[in-house]
Amino acid sequence: MTRLVLGIDTSCYTTSVALAGDGRVVASWRKLLKVKEGERGLRQSEGLFQHVNALPQMIEGIMKEAEEAEICAVCASSRPRDVDESYMPVFLAGVSLGKSIAHILRVPFFETCHQKGHVRAAMVDSGIGEGAFVAMHLSGGTTETLLVNDKLDISLVGGSDDLHAGQFVDRVGVKMGLSFPAGPHLEELAVRGQAKSLFPLSHKNGHCSFSGAEAHAMRVIEKGEMSKEDIAAEVYNYLARAITWLLMDAFEKTGAKQALLAGGVASSRLLRKLVKERCRKKGVTQKICWAKPELSGDNACGVALIGEEMLINHLRRGKDECIL
């Protein structure tokens, strides 16, 4: 019988579960939360409600894919980042169910953070090598450059000091009449547009700003003097310039020789192309790796893999304090 670890992640906009064993992801299910037309996000209470409703059916479905498997541990993300005062109510849905399942099965329960889950999932088949690396987490709730060591310990290097990359994309997209999340729709427009770097890049001390570019985009949209395609192209042009600068700053500060980019925003094929071109133009010689598109957005794959690694360490120590 195959022994697997169940991973659960309940982020602001995605409910996800995954099974991992022998260092690989065996199965993965995820479901986007519903956002009303014209709105730019969800209240935490509504997100929590949708997670609670979705999880039972998703657990049932993923277990049918592994009917012969034995669940030997459960791991859930319990907070956005691994720092003090990092908290969001939506994570209670995954933690509560995870603890209950672990208690019923009499197996260990482990906790990790959403950010570490992203980094761990992004490492799968990404080409990232051994040793420390710079990680960039680009999403609607995070825009950070991080230094990650072999033990998956994470320290903050830089990032955005106002809006996050995903918020920038979504706010401009929704203003243009696109549905939320706006990334895929805005990218379709941007591919057909022309960018002239109209939005001045704002950065200082390892941090960049997206609020100024957002305000500029809103003014352009209201004037109606520029096509939607060109506005979208300017948004992705700004993202590429900001990301390249953040990477260069992180490489200089840390001395790292490689970087790994993940998060929902990083799944954009256009953005990957633009960042690659700009890094080449700026003479960046460090290795740049990207998460697989299906592992770049919110998912429980990294949580399940972390849970398996925590289980191995737990068994080696021979302790049982994690059993609930």
task: List the trypsin sites (Lys or Arg not before Pro) within region 6-89 that fall in a DSSP loop (any state other than H, G, I, E or B) and whose Cβ has at most 16 other Cβ atoms within 10 Å.
output: Lys34, Lys36, Arg40, Arg43
- line: Of Asp170, Asp84, Asp298, the most mobile residue in a GNM of the chain (C-alpha springs, cutoff 10 Å) is Asp84
- line: Long-range amide H partners of Leu261, meaning residues 5 or more apart or on another chain whose placed amide H is closer than 5 Å, are Met136, Cys289, Trp290, Ala291
- line: Quick calc: nm separation of the 7 Å Cα→Cβ label points for Val191 and Leu152 -> 3.4
field: Fluctuation leader among Ala300, Ala233, Ala121 - the chain, Gaussian network, Cα springs under 10 angstrom
entry: Ala233
Cleavage-rule hits, GluC sites (Glu not before Pro), region 122-194, DSSP coil, Cβ neighbours within 10 Å at most 11: Glu130
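How about region 220-288: which GluC sites (Glu not before Pro) there lie in a loop by DSSP and see at most 15 other Cβ atoms within 10 Å?
Counting only loop positions with at most 15 other Cβ atoms within 10 Å, the GluC sites (Glu not before Pro) in region 220-288 are Glu225.
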- request: Quick one: work out the % antiparallel among DSSP beta bridges in region 128-291, nearest 5.
  value: 60
- prompt: In which sequence would Cys12, Cys75 go, from the one with the fewest C-beta neighbours within 10 Å to the one with the most?
  reply: Cys12, Cys75
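How do Ile101, Ile8 line up, fewest other C-beta atoms within 10 Å first?
Ascending number of Cβ neighbours within 10 Å: Ile101, Ile8.
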query: If you add up the charges near Asp125, with Lys and Arg at +1 and Asp and Glu at -1, over every other residue whose beta carbon is less than 14 angstrom from its beta carbon, what do you get?
result: +2
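Assigning unit charges at the beta carbon (Lys, Arg +1; Asp, Glu -1) and nothing else, what dipole magnitude in debye, to the nearest 20, does the chain show about its Cα centre? Please report the intermediate quantities before stating the final value.
On the way: 40 positive and 39 negative charges, 163 e Å.
In debye, rounded to 20, the chain gives about 780.
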query: Picking from Gly307, Gly117, Gly23, which is most flexible by a Gaussian network model of the chain using Cα springs under 10 Å?
result: Gly23
- line: Projecting the Cα atoms of Val172, Val25, Gln115 onto the charge dipole of the chain, where Lys and Arg contribute +1 and Asp and Glu -1 at Cβ, the residue farthest towards the positive end is Val172
message: Quick check on the chain: of the DSSP beta bridges with both residues there, what percent are antiparallel, nearest 5%?
response: 60
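The numbers here are math on the coordinates, done by the rules we state, and not lab data. Because the structure is predicted, anything quoted here is derived from the model rather than measured. For neighbour counting, all protein chains shown are included, and Cβ atoms are generated from backbone atoms with ideal geometry for every residue, glycine included.
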